[in-house]
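Undergrad: So that we are looking at the same thing, I have put the structure below in structure tokens.
The numbers here are math on the coordinates, done by the rules we state, and not lab data. Note that the structure is a prediction, hence the values are computed from the model and not measured. Cβ sites come from the backbone with ideal geometry, for glycine too, and all protein chains shown count toward neighbours.
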Amino acid sequence: MPASQPDAPAYPVGLRLSGRRVVVLGGGQVAQRRLPGLLAAGADVLLVSSSATPAVQAMADAGELAWERRRYRAGDLEGAWYVLVATDDPRANEAASAEAEERRIWCVRSDDADAATAWTPATGRSEGVTVAVLTGRDPRRSAAVRDAVVEGLRDGTLAAPHRRARTPGVALVGGGPGDPDLITVRGRRLLAEADVVIADRLAPRELLDELPPSVQVIDAAKIPYGRAMAQEAINAALIEHAKAGRFVVRYKGGDPFVFGRGMEEAIACAEAGVPCTVVPGISSSISVPGAVGIPVTHRGVAHEFTVVSGHVAPGDSRSLVDWRSLARLRGTLVVLMGVERVREIAAALVEYGRPGDTPVAVVQEGTTAAQRRVDATLETVAEAVRAEGVRPPAVIVVGEVVAVGP
């Protein structure tokens, strides 16, 4: 039998732990980091520790693992396939490691990598791909390499093409409020994999420049048939390209289902038998106020926030907004698409009971390089918007939270 070689590289392998016993000794920060991965792998986890962090205790309370509230004792590794030793007692760690060696159980030591028989790689996942990186005894370097690879897979900058043909269909992708860094990682990855992109004006434009020349980019604002037929034409284009065998991304600003007509498109796809995936996006209703330091809720100030569309004025027969009820609420009111109707909106809120000195902020081009904030009150906001030349897209925030800040 060959002698052990301490400097020999580790042999990488993926453990299939579903339904198999894993023993974790110690309920501190190391366990808190490692347990989610073990649970996601389906392991039957036994935690042996006299104490645990709140997060680890929550896993036990939820029934995700069994917890014996005591210190390690000989025999605890009976029936285990894998053990993580992470207590703050060096003697217990040595004893558990010796038991694991005797029972031929792979053992990870958080306190002594040289004494371990297994090392935990820096691990990340992206759409069915698991990336595991080992760089010997340099965990920070492992994590850095892992992060670079996973980020590249997620945002499409690292090519990992599917060997099987992609199923044609549609993805409704919310691009967020405007800053390209605020799109979700899944949204960015699907955008990078698209054959056709049908893009709205408010979707982050910079990301379109990263697409390869083979991707057909269609400006949704320029689809023909006139404004009244625009949505029907967009629906038709989604279905046409998907049925032609292409993967189509409907690229929107904000979230597809927050005043984005996403459900209309999802219904059209369903009726046409076209598979459709929805990728939520960060809504401007919360992200734009946050970008200028306005919390939509704040303890002792606002326990609620309401988001409404202001694209039609109060009193318009097409409006579905109950402005009278909104004026009686004490929380934050966020109005999207309301700049051109701000005078009527502010007047209605004051008429129905909201104090005229209620703080208001109007944020134009939120999260982008052109972002600017105009502060006023309900009584003065219409004049402030006119004087400052505020134009859409802009978010209007009404409430005492506007005055909260350092």
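Undergrad: If I model a spin label as a point 7 Å beyond the Cα along the Cα-Cβ vector, how far apart are those points for Ala58 and Ala230 in nm?
TA: So the label points at Ala58 and Ala230 sit 4.2 nm apart.
Undergrad: Extension gain Arg330-Ala74, at 0.36 nm per residue separation less the Cα-Cα distance, in nm?
TA: Additional length available on full extension: 86.0 nm.
Undergrad: Mind listing the long-range amide H neighbours of Gly178? Cut-off is under 5 Å, sequence gap 5 or more, other chains count too, H placed in the peptide plane at 1.01 Å from N.
TA: It is Gly254, by chain and number.
Undergrad: For the chain, take the longest principal axis of its alpha carbons; what is the angle in degrees between that and the long axis of helix 90-103, to the nearest 10 within 0 to 90?
TA: 70
Undergrad: If amide hydrogens are placed 1.01 Å from N in the peptide plane, which non-local residues have theirs closer than 5 Å to the one on Thr377?
TA: When sequence neighbours closer than 5 places are left aside, the close amide H contacts are Val360.
Undergrad: Report the charge-dipole magnitude of the range 56-207 in Debye, nearest 20, computed about the Cα centre from +1 at each Lys and Arg Cβ and -1 at each Asp and Glu Cβ. Mind showing how you got there, number by number?
TA: Numbers: 22 positive and 25 negative charges, 107 e Å.
Dipole magnitude for the range 56-207 comes out near 520 debye.
Undergrad: When the chain is fully extended, how far beyond the present Cα-Cα distance does Asp89 get from Arg125, taking 0.36 nm per residue of separation?
TA: 9.7 nm
Undergrad: In addition: Would you mind getting me the FRET efficiency between Arg318 and Ala148? Use the beta-carbon distance for r and R0 = 60 Å, nearest 0.05. Don't skip to the end; give the middle numbers.
TA: On the way: r = 51 Å, r/R0 = 0.84.
Result of the calculation: an efficiency of 0.75.
Undergrad: Net charge near Glu265: determine it from the other residues with C-beta under 12 Å of the C-beta of Glu265, scoring Lys and Arg +1 and Asp and Glu -1.
TA: Its environment carries a net charge of -1.
Undergrad: Moving to a separate point now. Would you calculate a helix-derived [θ] at 222 nm for the chain, using -39,500 (n - 2.57) for each DSSP H run of n ≥ 4 and dividing by the full residue count, to the nearest 500?
TA: Working: 11 runs with 116 residues, N = 406.
Value at 222 nm, helices only: -8500 deg cm²/dmol.
Undergrad: Something else now. Putting +1 on Lys and Arg Cβ atoms and -1 on Asp and Glu Cβ atoms, find which of Val312, Ala347, Val48 reaches farthest to the positive end of the dipole of the chain.
TA: Comparing the listed Cα positions along the dipole, Val48 ranks first.
Undergrad: Right, another one. What full-extension length gain, to one decimal in nm, is calculated for Arg20 and Glu271 as 0.36 nm per residue of separation minus the Cα-Cα distance?
TA: 85.9 nm
Undergrad: What ³J(HN,Hα) values, in whole Hz, does the Karplus curve 6.51 cos²θ - 1.76 cosθ + 1.60 give for the range 362-371 when θ = phi - 60°, with x put for Gly and Pro?
TA: For the range 362-371, the Karplus curve yields 10, 10, 9, 6, x, 6, 9, 5, 8, 4 Hz.
Undergrad: With +1 on each Lys and Arg Cβ and -1 on each Asp and Glu Cβ, and nothing else charged, work out how big the dipole of the range 285-403 is about its Cα centre, in Debye to the nearest 20.
TA: 160
Undergrad: Continuing with this model, one more query. Could you work out how far helix 139-155 tilts from the main Cα principal axis of the chain, as a 0 to 90 degree angle to the nearest 10?
TA: 40
Undergrad: Among 387-400, 370-383, how do they line up from the highest to the lowest mean number of other beta-carbon atoms within 10 Å?
TA: The peptides rank, most packed first, as 387-400, 370-383.
Undergrad: Follow-up. Please report the net charge: other residues with Cβ closer than 10 Å to the Cβ of Asp111, K and R +1, D and E -1.
TA: -3
Undergrad: Separate question: Among Leu190, Ser283, Gly28, whose Cα sits farthest toward the positive end of the charge dipole of the chain (+1 at Cβ of Lys/Arg, -1 at Cβ of Asp/Glu, about the Cα centre)?
TA: Toward the positive end, the furthest listed residue is Leu190.
Undergrad: A follow-up question, please. Only one of the values (1) 125, 30, 18; (2) 52, 29, 18; (3) 36, 26, 21 was calculated from this structure for semi-axes √(5λ) of the Cα gyration tensor in Å; name its label.
TA: After the calculation, the listed value that fits is (2).
Undergrad: Enter the angle in degrees (range 0 to 90, nearest 10) between the Cα long axis of helix 29-40 and the first principal axis of the Cα atoms of the chain, meaning the one along which they spread out most.
TA: Around 80 degrees separate the two axes.
Undergrad: For Glu400 paired with Glu264, estimate the spin-label separation in nm (one decimal), with each label point 7 Å from Cα along the Cα-to-Cβ line.
TA: Distance between the two pseudo-spin positions: 3.9 nm.
Undergrad: How far is it, in nm, from the label point at Gln216 to the one at Arg391 when both lie 7 Å from their Cα along the line to the Cβ?
TA: My value for the distance between the label points is 3.2 nm.
Undergrad: Still on this model: Between the range 89-124 and the range 275-326, what's the alpha-carbon centroid distance in Å?
TA: 52
Undergrad: If amide hydrogens are placed 1.01 Å from N in the peptide plane, which non-local residues have theirs closer than 5 Å to the one on Thr306?
TA: Thr332, Leu333, Val334
Undergrad: For the chain, give the magnitude of the charge dipole about the Cα centre (Cβ charges: +1 Lys/Arg, -1 Asp/Glu; no others), in debye to the nearest 20.
TA: 540
Undergrad: Principal axis extents for the range 21-120, Cα atoms only, whole Å, descending order, please.
TA: Taking max minus min along each principal axis of the Cα atoms, the range 21-120 gives 33, 25, 23 Å.
Undergrad: Order the peptides 34-42, 343-351 from the highest to the lowest mean number of other Cβ atoms within 10 Å of their residues.
TA: Ranked by mean Cβ neighbours within 10 Å, highest first: 343-351, 34-42.
Undergrad: What are the ³J(HN,Hα) couplings of the range 235-241, residue after residue, when phi is run through the Karplus curve with 6.51, -1.76, 1.60 and θ = phi - 60°? Round to Hz, x for glycine and proline.
TA: These are the phi-based 3J(HN,Hα) values: 4, 5, 5, 4, 5, 4, 5 Hz.
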